[in-house]
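The values are calculated or read from the model by the stated rules, or taken from the named source; none is laboratory data. Note that this is a predicted model, so its numbers are computed, not measured. Don't worry about glycine lacking a Cβ; one is built from the backbone with ideal geometry, like all the others, and counts go over all protein chains shown.
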Amino acid sequence: MNRTYELMFIVRPDMPEEEQQKLISTLETVVTSSGGSVHKVDVMGKRRLAYTVRKFHDGIYVLLVLEGSGGLVHELERRLRVTEQVIKFITVRIDEAQKRLDKIKKLREAKRKAPPSPAPAEAGGETAAVTA
Amino acid sequence: MADETRTTTAEGSTGGGERPERSPERSSERPPDRGGDRGGDRNRGPRPGGPGGREGGRKYFRRKKVCKFCVEKIDAIDYKDYRLLGQFVSIESGKIVPRRLTGVCTPHQRRLSSAIKLARNIALLPFSGRAS
């Protein structure tokens, strides 16, 4: 129940905004009803597609960051596939990447907080040991 | 007819005369370690800045190119950031540019290429052709 996913889908450009909101709220209810949680919903707006998808040249991108299990994602994707207005979707799992980033950030913070003063002391200690 | 041939040969000779004059000028105008042409097919002799000790070989690194991600400390290569990814994709064909031309280090190149492939799947970058 701790997997974080990023679900990005493209909606037809001629879809009215209220229908978009309806679709997003439907997805949100699916998420919350299966015990997950939605972290972020971001309607990224209309963008020109890099290639033609189902005869459309533009599309409205929507990003949904959620937390849940794999089965939840399976259900969401099934719904998106059925919805006619959604022309493309992709799900990316991001919790492993997030863990790695947090680790790197922590290391960087630790390095910044401990200034490099131990380094010359160590060098002095080493040279002393060599001479002795 | 004779006049014509004479004039053409005269022009041809001047043209021919011009041509050899131009080419040494051009090659001297070109700075010695200019990057940007495909492959290292100009044998400029052993260069001190090249990969250690390789002489007489035809393929060189252009300059000591640095990995953009290592320098700017960009940890996460996001597939949504199509502008950043578009820098590492060939403009004409949409192909991923090899790292010997861009100078990216191996782990970043791997992450970059998977990000580019994700972006291609969600129509942020084209599979082939110019990005409109």
Checklist line | Boolean, A:LEU107 is more than 17 Å from the chain's Cα centre (by Cα), in a helix (DSSP H, G or I) and surrounded by 15 or more Cβ atoms within 10 Å (Cβ to Cβ) | finding: no
Notebook entry, point to check: Out of all the residues in region B:91-108, which are away from chain A (no Cβ under 14 Å), surrounded by fewer than 20 Cβ atoms within 10 Å (Cβ to Cβ) and not basic (Lys, Arg)?
Noted result: B:GLU92, B:ILE96, B:VAL97, B:PRO98, B:LEU101, B:THR102, B:GLY103, B:CYS105, B:THR106
Note to self: Against the condition modelled with pLDDT of 55 or more and in a helix (DSSP H, G or I), how does A:ALA121 come out, does it pass?
What the structure shows: no
Notebook entry, point to check: Listed residues A:VAL73, A:VAL38, A:VAL31, A:VAL43; which is within 13 Å of the chain's Cα centre (by Cα) and either surrounded by 13 or more Cβ atoms within 10 Å (Cβ to Cβ) or in contact (Cβ under 8 Å) with a residue 40 or more places away in the chain (or both)?
Noted result: A:VAL38
Next item on the list: Check region B:116-129 and report whether any residue there is surrounded by fewer than 18 Cβ atoms within 10 Å (Cβ to Cβ), of a type in the set (Gly, Ala, Ser) and assigned to a helix (DSSP H, G or I).
Entry: no
Next item on the list: Taking only region B:79-115 into account, find how many residues are of a type in the set (Lys, Arg), closer than 21 Å to A:GLY59 by Cα and outside any helix (DSSP H, G or I).
Entry: 1
